[in-house]
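Quick notes on the structure that follows.
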Amino acid sequence: IGPVKKICCIGAGYVGGPTMAMIAHQCHDIEVKVVDINAERIAQWNSDELPIYEPGLDDIVKGRRGQNLIFTTEVDEAIREADMIFISVNTPTKTFGVGAGRAANLEFIEKCARKIAEVSVGHKIVVEKSTLPVRTAEAVKAILAEATSGATFDVLSNPEFLAEGTAIDDLLAPDRVLIGGESEAAIQALVDVYAQWVPAERLLTTNLWSSELSKLTANAFLAQRVSSINSISALCEATEADVDEVAMAIGMDSRIGPKFLKSSVGFGGSCFQKDILNLVYLCEYFGLPEVADYWQQVVTMNDYQKRRFVHRMVRTMFNTVSDKKIAIWGFAFKKDTNDTRESAAIYVCRDLLLEKARLSIYDPQVTKAQIVANLEAVFQNGDQELSAVSRQLIENNVEVVSDAETAADSAHAIAVLTEWDEFANADFAKILQRMKKPAFVFDGRNTLKGLNLEDIGFDYQGIGFSR
Ligand code: NAI
């Protein structure tokens, strides 16, 4: 196995796009082709308007695109030419059949493995970049072993730890890069790629199974911290303790640490819930029901936190939000991304619509089409048809506007659901004048907490404290 000259990455999504752009940026002598079956997505990667918003991504893509970074739908050709192939396709929660609602849907992974087996010649290193249940490499190897062309393969696991919103910084200076494998030579080939910019002590190599399992475990531990502090936020609201003060106090304990202790309306994103449910399912599969129950509770607590937020809104607004206009500030699952997958905002909006509220939604990076599609999907509930009643509910009661102030115009309340920095800079005196009184602010991220909005006349409520 010689040094890697050509890379192919299958899947031009939130992970494939940024990670491959970074490799192309750091390794000018490697040709990186990112392929996808979604022609529209590839066209967007080749346009001025990239399909994903991520600070710093534009410059890196535009710096290398057309040189050693190529976005194309020519999947077969890219696989055939490459000496290393990353699989970075989506692995969503299964919606049907055995394990529905919990197990990972590995259909797209298997299709990639079959495609690689079909078109490869010579020797290839196949790298699992997607987040996968432990032992998936077993299946990938079995499929590759059936290649009729005589091609040979090494399989590596190289899970991605970037966080959306900070993807470029995370890729530039990762806490660690994890590479699991069986062949020393194959592992070394991938180590040599990352070693172009990542310090040697941050390149961690393990066996295949530890690497696969570490990614699920990392997400489970991170989400657990959020659910743990959120569980305490409910207790704080009942006792005049302040969850931000509690988080500060425990975070200064070096054994606990300060990160990921921010209480909120609940975690979202495409990974946490999916990966924990996947872990729960794996534990059940391996006959470990107590372990499954333990991790399931992290998701249960998160659902409770989202429901609790809406209950508190309704209770505070005199037990009815029917026909009241509510401004929704932020729809992305966190700031600095346009990703809305599993965003808490989807569930909060759904529950408010079921209470017959009228919503005026503003997010700096999320399109109207995306918001409507997410709301339709949540009312559709899996594979069912969207009912005429639900469609009407959305059509008649949801508007998407292009700035925060317009959303708040004549509203009874503002609900802050994403922690975008710009919200703190709004002209609250002006907004107050134009809102119905009492003017409520429900801050699902505690981003406006320091502004003391109650001093200028708002009824301000955040997560995990009472004033
Ligand atoms: P995504 O949905 O944004 O992108 C996946 C892409 O793969 C799509 O564009 C899809 O069209 C393409 N695709 C699917 N099947 C294909 C096939 N057979 N051939 C060619 N292209 C195909 O998903 P995202 O967010 O990039 O996630 C990918 C994987 O990375 C998942 O396993 C996820 O759990 C993992 N991950 C995601 C992170 C995130 O922050 N989004 C972070 C770390 C890991």
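Values quoted throughout were computed directly from the atomic coordinates according to the rules given, and no laboratory measurement underlies them. Everything numeric in this text was worked out from a predicted model, so none of it was measured. Neighbour counts run over all protein chains shown; Cβ positions are idealised from the backbone, glycine included.
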(request) Based solely on C-alpha atoms, express the radius of gyration and the Dmax of the range 174-333 in angstrom. (result) 20.4, 67
(message) At a 10 Å Cβ-Cβ cut-off, how would you order Phe286, Phe71, fewest neighbours first?
(response) Phe286, Phe71
(request) Specify which residue in the list Leu144, Ile87, Val126 is farthest towards the positive end of the charge dipole of the range 6-206, using unit charges on the beta carbon of Lys, Arg (+1) and Asp, Glu (-1), about the Cα centre. (result) Leu144
(request) Place a +1 charge on the Cβ of each Lys and Arg in the chain and a -1 charge on the Cβ of each Asp and Glu, then give the dipole magnitude about the Cα centre in debye, rounded to the nearest 20. (result) 820 debye
(message) Along its three principal axes, how long is the range 6-206 when you only count alpha carbons? Whole Å, largest extent first please.
(response) 41, 38, 31
(request) Give me Val34, Val400 ranked fewest to most by other Cβ atoms within 10 Å of their Cβ, as a rough exposure proxy. (result) Val400, Val34
(request) Would you order Ile143, Ile463 from fewest to most other beta-carbon atoms within 10 Å of each residue's own beta-carbon? (result) Ile143, Ile463
(request) Give the whole-number value, in cubic angstrom per residue, of the convex hull volume spanned by the C-alpha atoms of the range 241-462. (result) 143 Å³
(request) Rounded to the nearest 10 degrees, what's the angle between the helix 208-239 long axis and the longest principal axis of the chain, both from Cα atoms, 0 to 90? (result) 10 degrees
(message) Output the 0 to 90 degree angle, nearest 10, between the alpha-carbon long axis of helix 344-354 and the longest principal axis computed from the alpha carbons of the chain.
(response) 40 degrees
(message) Only sites in a loop by DSSP and with at most 15 other Cβ atoms within 10 Å count here; which GluC sites (Glu not before Pro) in the range 236-295 make the cut?
(response) Glu240
(message) Please give the charge dipole size of the range 6-206, origin at the Cα centre, charges +1 on K and R Cβ atoms and -1 on D and E Cβ atoms. Round to the nearest 20 debye.
(response) 440 debye
(message) Can you compute the helix-only [θ] at 222 nm over the chain? Use -39500 (n - 2.57) per DSSP H run of at least 4 residues, normalise by all residues, nearest 500 deg cm²/dmol.
(response) -13500 deg cm²/dmol
(request) Using only the alpha carbons of the range 1-108, determine the length spanned along each of the three principal axes and report them from longest to shortest in whole angstroms. (result) 45, 37, 21
(message) I want to check the label-to-label distance for Thr95 and Leu204. Put each point 7 Å from Cα in the C-beta direction and report it in nm to one decimal.
(response) 3.5 nm
(message) Through the Karplus equation 6.51 cos²θ - 1.76 cosθ + 1.60, θ set to phi - 60°, convert the phi angles of the range 179-185 into ³J(HN,Hα) values in whole Hz; use x for Gly and Pro.
(response) 10, x, x, 10, 9, 4, 5
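Semi-axes of the range 245-370's equivalent ellipsoid from the Cα gyration tensor, sqrt of 5 times each eigenvalue, largest first, rounded to whole Å?
29, 19, 17
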(message) Using the basic label-point model (7 angstrom from Cα toward the beta carbon), what is the Lys111 to His28 distance in nanometres?
(response) 3.8 nm
(request) Under 1.5 on a/c is rounded, so check that first for the range 226-278, then, if it is not, pick prolate when a/b is larger than b/c and oblate when it is not; a ≥ b ≥ c are the square roots of the alpha carbon gyration tensor eigenvalues. (result) oblate
(message) Only sites in a loop by DSSP and with at most 15 other Cβ atoms within 10 Å count here; which GluC sites (Glu not before Pro) in the range 1-78 make the cut?
(response) Glu49, Glu74
(request) Ratio to report: Rg/Rh of the chain, with Cα atoms as the point set and Rh obtained by the Kirkwood method; give two decimals. (result) 0.99
(message) At a threshold of 8 angstrom on Cα-Cα distance, excluding pairs fewer than six apart, so keeping six or more, what relative contact order does the chain reach in percent?
(response) 12 percent
